[in-house]
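Participant: I am attaching a structure below and will ask some questions about it afterwards.
The values are calculated or read from the model by the stated rules, or taken from the named source; none is laboratory data. Since the model is a prediction, treat every value here as computed from it, not as a measurement. Note: ideal-geometry Cβ built from the backbone for every residue, glycine included; neighbour counts use all protein chains shown. We work out accessible area using only protein heavy atoms, side chains counted, and drop any ligands, DNA or RNA first. Shrake-Rupley method; radii C 1.70, N 1.55, O 1.52, S 1.80 Å.
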Amino acid sequence: MTQQVKRAFRYRFYPTDEQAAELSRTFGCVRLVYNKALEERTRAWYGEHRRVSYVQSSTALTEWKKTEELAFLREVSSVPLQQALRHLQTAFANFFAKRAKYPRYKSRKKSRASAEYTRSAFKWRDGKLTLAKMAEPLDIRWSRPLPEGSVPTTVTVSRDSAGRWFVSLLCEDTITPARPTTAAVGIDAGITSLVTLSTGEKIANPRHERRDRARLAKAQRELCRKAKGSANREKARRKVAKVHARIVDRRRDFLHKLSTRLVHENQVVVIEDLSVRNLLKSHSLARAISDASWTELRSMLEYKCAWYGRELVVIDRWFPSSKLCGACGTVTAKMPLNVREWTCECGTAHDRDVNAARNILAAGLAASACGDGVRPQRESSRTGRSLVKQETQRATAGIPRL
Ligand SMILES: [Zn+2]
């Protein structure tokens, strides 16, 4: 049984000078409209405790376009501006549902510049994409083919801090579920190796990354030495962004291959829920990058499990995966990070990460057998105290960026 999913395909493209100017103008207008609408909503919410709807924001936009100082908004395609208001609407819906923090202003420097075009604002003909207000199609580098016969429903154009242009095409795609298997795997997130599997396999960080990371650190040091506002500083900033972008690209590629492999080989995949709060506390560069990849790997596992009919079990982050002996169930009081191998009182010798991955798998399978929403209490065979509170979450399909 196949299933239809929405899937984003991302490519680099090289705009002509005219296209680049048009897009930069559009990005600026998108940001302005978003921020202005946010400002009005904030005034209404904090001043009068009144919620502003998308329709009201949209009416306001029409009014802004009629004023002299905002007349330039009429020069760009109206669709990306409307889409910006829709995104703001979603941000507020998430805020009111307590799923997200209060929406923030888009900054010219920190936010990624982007514009979203729906069906009425682009032409798709013979595999060529032409955006509204443009005479020529975009020069896209098709690094992989779109699914056979597919037509994009939404197109997002963006420019990253390294100055590279991307277009993301949202298409319908048909997914065939993977063949059922009885295999299951537990995954432990690490720093020394990227992840360790319950099978004992350790997956190292991508090749080149150590060197790229050293380059990044050097580029960052150089950036710090440049005077603020100078041309050299801008050059140094670009350099940092470039090295960083390369690390992120290689990482993503690597994580795609890894997640696809794990999902194809296993019916059940168990991971630990590393809390976002914990992740944000990271200081070292290595730590920051490994945390970012963990978040990305998790989201890839989530949607790929949903696509291919697999189960992703997420166990509670307080589960003492590295302190628990998988053989006898004893929990060691202390397990400093530098201890890579240890021997339990029962005589079993453990590799720290492999033991953790095995414990994660066992906890996940126990939780999975109890079904959704059940929080089984596992008893320690030795102390008799309740040891772990588990929580299962089933994967939900998301729309990935590829
Ligand atoms: Zn033991």
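Participant: Looking at LEU129, is it at pLDDT 95 or above and within 24 Å of the chain's Cα centre (by Cα)?
Facilitator: When the stated conditions are applied, LEU129 does not pass them.
Participant: Can you name every residue in segment 317-328 that is within 15 Å of the ligand (Cβ to nearest atom) and of a type outside the set (Ser, Thr, Tyr)? Walk me through how you get there before you give the answer.
Facilitator: First, the residues of segment 317-328 that are within 15 Å of the ligand (Cβ to nearest atom): 320-328.
The answer is PRO320, LYS323, LEU324, CYS325, GLY326, ALA327, CYS328.
Participant: Give LYS36, LYS6 a once-over and let me know the one that is under 19 Å from THR118 (Cα atoms) and among the basic types (Lys, Arg).
Facilitator: On inspection, the qualifying residue turns out to be LYS6.
Participant: Which residues, taken from segment 342-377, are hydroxyl-bearing (Ser, Thr, Tyr) and at pLDDT below 90?
Facilitator: Answer for segment 342-377, where residues must be hydroxyl-bearing (Ser, Thr, Tyr) and at pLDDT below 90: just SER368.
Participant: While we're on this one: Against the condition in a loop (DSSP other than H, G, I, E, B) and over 22 Å from PRO180 (Cα atoms), how does SER321 come out, does it pass?
Facilitator: Working: in a loop (DSSP other than H, G, I, E, B): yes; over 22 Å from PRO180 (Cα atoms): yes.
Against the criterion (in a loop (DSSP other than H, G, I, E, B) and over 22 Å from PRO180 (Cα atoms)), SER321 qualifies.
Participant: Further question on the same structure: Answer yes if at least one residue in segment 307-321 is more than 20 Å from ASP273 (Cα to Cα), over 35 Å from the mean Cα position of the chain (by Cα) and either of a type in the set (A, V, I, L, M) or buried (at least 16 other Cβ atoms within 10 Å of the Cβ) (or both), and no otherwise.
Facilitator: no
Participant: From the list VAL314, VAL339, VAL331, pick out the single residue that is modelled with pLDDT of 70 or more and either among the charged types (D, E, K, R) or more than 16 Å from the ligand (Cβ to nearest atom) (or both).
Facilitator: Working: VAL339 fails: either among the charged types (D, E, K, R) or more than 16 Å from the ligand (Cβ to nearest atom) (or both); VAL331 fails: either among the charged types (D, E, K, R) or more than 16 Å from the ligand (Cβ to nearest atom) (or both).
On inspection, the qualifying residue turns out to be VAL314.
Participant: Given PHE72, PHE27, which one is under 29 Å from MET134 (Cα atoms), out of contact with any Pro (no Cβ under 8 Å at 6 or more places or on another chain) and open to solvent by less than 20 Å² (accessible area, probe 1.4 Å)? So that I can check it myself, show each step before the final result.
Facilitator: On the way: PHE72 fails: open to solvent by less than 20 Å² (accessible area, probe 1.4 Å).
Only one candidate qualifies: PHE27.
Participant: While we're on this one: Restricting attention to segment 220-255, and to residues there that are more than 28 Å from THR295 (Cα to Cα), of a type in the set (A, V, I, L, M) and part of a helix (DSSP H, G or I), which single residue is farthest from the chain's Cα centre (by Cα)?
Facilitator: ALA231
Participant: Of the residues that make up segment 84-92, is at least one free of Cβ contacts under 8 Å to residues at least 24 places away in the same chain, part of a helix (DSSP H, G or I) and open to solvent by less than 80 Å² (accessible area, probe 1.4 Å)? If you could, list the steps in order and put the result at the bottom.
Facilitator: Step one: filter segment 84-92 for residues free of Cβ contacts under 8 Å to residues at least 24 places away in the same chain, giving 90-91.
Now drop any that are not part of a helix (DSSP H, G or I), which leaves 90-91.
Applying the additional criterion that residues be open to solvent by less than 80 Å² (accessible area, probe 1.4 Å) yields 90-91.
Yes; the residues of segment 84-92 include at least one that is free of Cβ contacts under 8 Å to residues at least 24 places away in the same chain, part of a helix (DSSP H, G or I) and open to solvent by less than 80 Å² (accessible area, probe 1.4 Å).
Participant: Are any residues in segment 342-372 within 16 Å of the ligand (Cβ to nearest atom), among the β-branched types (Val, Ile, Thr) and open to solvent by less than 40 Å² (accessible area, probe 1.4 Å), and if so, which ones?
Facilitator: Once the filter is applied, which keeps residues that are within 16 Å of the ligand (Cβ to nearest atom), among the β-branched types (Val, Ile, Thr) and open to solvent by less than 40 Å² (accessible area, probe 1.4 Å), segment 342-372 yields only VAL354.
Participant: Which count do you get for residues in segment 30-59 that are open to solvent by 80 Å² or more (accessible area, probe 1.4 Å) and in a helix (DSSP H, G or I)? Explain how you work it out, then say what you get.
Facilitator: Of the residues in segment 30-59, the ones open to solvent by 80 Å² or more (accessible area, probe 1.4 Å) are 39, 43, 46, 48-51, 55-56.
Within this subset, residues satisfying the condition of being in a helix (DSSP H, G or I) are 39, 43, 46, 48, 55-56.
Final tally of qualifying residues: 6.
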